[in-house]
Amino acid sequence: MKFRVERDVLSEAVAWVVRGLSSRPPVPVLAGVLLTADPEGTLTFSAYDYEVSATVTVEAEVSEGGQVLVLGRLLADIARNLPAKPVEVSTDGPKVSLTCGSSRFALIQMPVADYPQLPAQAETSGSVPGDAFTQAVNQVSIAADRGDTLPILTGVRVQIEGERITMLATDRYRLAQRELTWSPGSPDADHVCLIPARTLSETAKSLGASAAVELSLGAAGRGDGLVGFEAGRRRTTTRLLDGEYPKVTSIFPSSVDSVAVVDTQSFIEAVRRVALVAERNTPVRLRFTDGQLAIEAGTGDDAQGSEAVEATLEGPELEIAFNPQFLLDGLGVLGQPYTRLSFTQPSRPAVISGQAELDGDADDSYRYVLMPVRFAG
């Protein structure tokens, strides 16, 4: 194998493909990146750990086609630090020779024959705008469980019905749901899958800058247990979580007694400041009255903090307490100038959504349900 490629092209491709490689792979060859040079003028980098696969294809001057397997993170480190000159790579006996200007490296070839076959990408099911996909994933994945007590809650439930995608995640203390439209390959598209939140979040970050992200969901009921994403010449697949997601949408309140609207940025900054005195697992208290929201933390002999921001209120005044980090997580991904908080009772979940104008309608495409924390008095 022998090819020549630009330094930046090599560096970006390897950095993207190794981002999901395990630091402790189950077998040594899975620490490798597979390089496939095609005499037609393309170079493909592939990585796989039995759960997630990543593939990217770039242009290259290929003198001799072939395949080699080398340590992925080592290649990424070398490529990132090379001088800004073309890179020439060729096989040299049991090693892979890499030359860039006066820099020369010899990498050990790993056995290609031992490398597992990458999962085949299913036929494209449809596409979604890259920016909308990234925002939706960010808004929902914050609510996924980060522990391993209930593995199924570490996933994002993705339901597709025709042109509508509904993403949902919960860790039992909060629930996030986002609805968005996409362009399905079939008008009667109908899929439900559970995607690991961490993998989905990383995929959205790395592919979302593209104009569109194509989703491959496989045939319904085929049981191949994979979902694929593609943007440009970058492709990734991930294994789905197995199991029945709990029916958590019943948490959404069926009625609302009080509705408050607050400027989102002022709200975030005030909560951040007041929460500085909140001990670990200590809530911040929100007291809603007509025209004002008072935010407080700390009681008795502890450090205390308070601040007030303007707010409109419809319905009875109330006082409620939340975990400050959970509250900030939801506010931070709203993406709207104003925050709308809907309440029934101080002991019941509150619904946070956004709106574009102070007197405007709520944007219910994203809803963040937050369980209150009980506080003395």
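The values are calculated or read from the model by the stated rules, or taken from the named source; none is laboratory data. Just so you know, these numbers come straight off a predicted model, no measurement behind them. Cβ coordinates were reconstructed from backbone atoms using ideal geometry, including for glycine residues, and neighbour counts include every protein chain displayed. Calculation scope for accessible area: heavy atoms of the full protein, side chains included, ligands and nucleic acids excluded. Shrake-Rupley method; radii C 1.70, N 1.55, O 1.52, S 1.80 Å.
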Handout entry: Degrees separating the helix 72-81 axis from the principal Cα axis of the chain, which is the longest one
Key = 90 degrees
Practice task
Determine the dipole magnitude for the range 173-278: charges of +1 sit on the beta-carbon of Lys and Arg, -1 on that of Asp and Glu, nothing else is charged, the reference point is the Cα centre, and the result goes in debye to the nearest 20.
Solution key: 480 debye
Exercise for the section: For the chain, find the longest principal axis of its Cα atoms and tell me its angle to the long axis of helix 197-207, 0 to 90°, nearest 10. Expected result: 60 degrees
Problem - Mean Cβ count within 10 Å, highest first, over the residues of peptides 82-91, 40-49 - result: 40-49, 82-91
Exercise for the section: Find the relative contact order for the chain and round it to a whole percent, using C-alpha pairs within less than 8 Å whose residues are 6+ positions apart. Expected result: 12 percent
Handout entry: Computed [θ] at 222 nm, helices only, for the chain once each DSSP H run of length n ≥ 4 contributes -39500 (n - 2.57)
Key = -5000 deg cm²/dmol
Problem - Interchain or long-range residues, amide H under 5 Å from Leu226's placed H - result: Leu240
Handout entry: Sequence-distant residues sharing a close amide H with Ser125 (under 5 Å, placed H)
Key = Leu215, Ser216, Leu217
Exercise for the section: Tabulate in residue order the Karplus-calculated ³J(HN,Hα) for the range 355-368, using 6.51 cos²θ - 1.76 cosθ + 1.60 with θ = phi - 60°, rounded to whole Hz; enter x for Gly and Pro. Expected result: 8, 7, 10, 4, 9, x, 8, 5, 9, 8, 5, 10, 10, 10
Problem - Dipole magnitude of the chain, debye to nearest 20 (Cβ charges: Lys/Arg +1, Asp/Glu -1, about Cα centre) - result: 1220 debye
Exercise for the section: Express the accessible area of the range 226-377 per residue in Å², computed with a 1.4 Å probe while the remaining protein chains stay in the model. Expected result: 52 Å²
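Kindly rank 62-73, 230-241, 16-27, 193-204 from highest to lowest mean number of other beta carbons found within 10 Å of each residue. The partial results should precede the final answer.
Numbers: 62-73: 17.5, 230-241: 19.9, 16-27: 15.5, 193-204: 21.7.
Highest to lowest by the protection proxy: 193-204, 230-241, 62-73, 16-27.
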Completion exercise
Check: C-alpha center the range 87-115 vs C-alpha center the range 323-377, spacing in Å is 54 Å
